[in-house]
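Some notes on the structure that comes next.
Rule-based calculations on the coordinates, nothing more; no lab input. Quick caveat, the model's predicted, so the values are computed rather than measured. Here the Cβ positions follow ideal geometry from the backbone for every residue, glycine too, while neighbour counts run over all protein chains shown.
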Amino acid sequence: MIAFFKKNWFMFGMPFAVAMAWVAPEGGATGGPLQAQVTTKLAVAFVFFVQGLTLPAKALRDGASQGRLHLGVQGFCFLFFPLLGLTMDALIGAKLSPDLRLGFLFLCVLPSTIIMAVVLAAAAGGNVAAAIFNAVLSNVLGVFLTPIWVAWLMKSSGGDQSLASVLGEVCVLLLVPLAIGQIVRRLGAKAKADANKKRLTHFSNATILFIVYAAFCNSVQTEIWRNQGMGTLVWSLVGVGLLMTAAVTGARLLGKVLRLAPNERIVMIISGSQKSLATGVPLANVIFGAHPGLGVILLPVMIYHPIQLFVCGWLAGRHAVENPDTDT
């Protein structure tokens, strides 16, 4: 049991961070003792510095040859999935609060996971080099495409989000730390970064939990949850279930249409259907800032995260059994 908690501490840390925000919202709220309006921005910069420091640039070269797979995964992440979100919004959006609607749309425009997409692809006997390439490329593209999608969606719904201001903050808080991390890696830190990747990831994940805590502190302080009720949680679960089902089904069908090999098709399913909490939380903090409903906006991706691990883990195991001779 202790080993299980140690292995999954980040997943259990999320509800703990939310609970702490309910118990002690003053600490992480804007203007509070932790000065979250400043420290969360530093936290975002740190997360992307670590991503740059541990980013395996060589993997981009090693896995770049499967053009149809890469086009399929990236198109699924940043075109099909957003359209899926817009379709769901048209069907059930009227039953959701404005912040929850925005949360689902935000979830749909996020990039894929990095570590879990690669780990599960390897466990399934998938093309690991291609999985690494797509995971890295998705998160690099997501730094640009996610804010553009969000700005367009908010403008379409009557919001006042400025694309120029969002991209400016993205450059300062995301791209610059990412680039600095890559530069430090190339200047001789590669060996140490790779040797300490697990420890660096733990630090990065702990930082993400702080960002989650601060986001929910502001939501609790402004009493936004008072107007939500149990319906918010129920509809979040329903929406996530619909998205997960549609995403896995759509990715599977696209893999067949593109005539991908079995070891590429499982990469398509896993990488295409997953959404990155580790990238999504810092991005949300940059894009939405001190938005009082940030906690509600983050709710869909926080629920989607553990569900995608369970579903994709099961799919990976089944694929490995059905395709024992798959060449990775």
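Odds and ends about this structure:
- Extension gain for Lys198 to Cys171 (0.36 nm times residue separation, less C-alpha to C-alpha distance): 7.1 nm.
- For the range 13-321, diffusion coefficient by Stokes-Einstein and Kirkwood Rh (Cα), 20 °C, 1.002 mPa s, µm²/s: 109 µm²/s
- Computed log₁₀ I(q)/I(0) - Debye formula, equal Cα scatterers, no solvent, the range 97-158, q 0.15, 0.18, 0.28 Å⁻¹: -0.55, -0.69, -1.06
- Across the options Cys217, Ala129, Leu174, the greatest Cα extent toward the positive end of the charge dipole of the range 13-321 (unit charges at beta carbon of Lys, Arg, Asp, Glu) belongs to Ala129.
- Burial ranking of peptide ranges 300-309, 247-256 (average Cβ count within 10 Å, highest at the top): 300-309, 247-256
- Per-residue ³J(HN,Hα) for the range 190-203, Karplus 6.51 cos²θ - 1.76 cosθ + 1.60, θ = phi - 60°, Hz, x for Gly and Pro: 4, 4, 5, 5, 5, 5, 10, 4, 5, 5, 4, 5, 4, 4
- Virtual spin-label span in nm between Thr39 and Ala3, 7 Å along Cα→Cβ: 3.5 nm
- CD proxy at 222 nm, helix term only [per DSSP H run n ≥ 4: -39500 (n - 2.57); per residue of the chain; nearest 500]: -24500 deg cm²/dmol
- Folded to 0 to 90 degrees: helix 230-257 orientation relative to the chain principal axis, Cα: 20 degrees
- Mean separation of Cα contacts under 8 Å, 6 or more apart, over the residue count of the chain: relative contact order %: 34 percent
- Fraction of the pair-distance distribution of the range 1-121 above 22 Å, Cα-Cα pairs, percent: 61 percent
- Angle in degrees between helix 81-92 and the longest Cα principal axis of the chain, rounded to the nearest 10: 50 degrees
- Of the cross-linked pairs Lys58/Lys192; Lys58/Lys256; Lys198/Lys256; Lys7/Lys275; Lys6/Lys275; Lys41/Lys95, those separated by over 26 Å at the C-alpha level are Lys58/Lys256; Lys198/Lys256; Lys41/Lys95.
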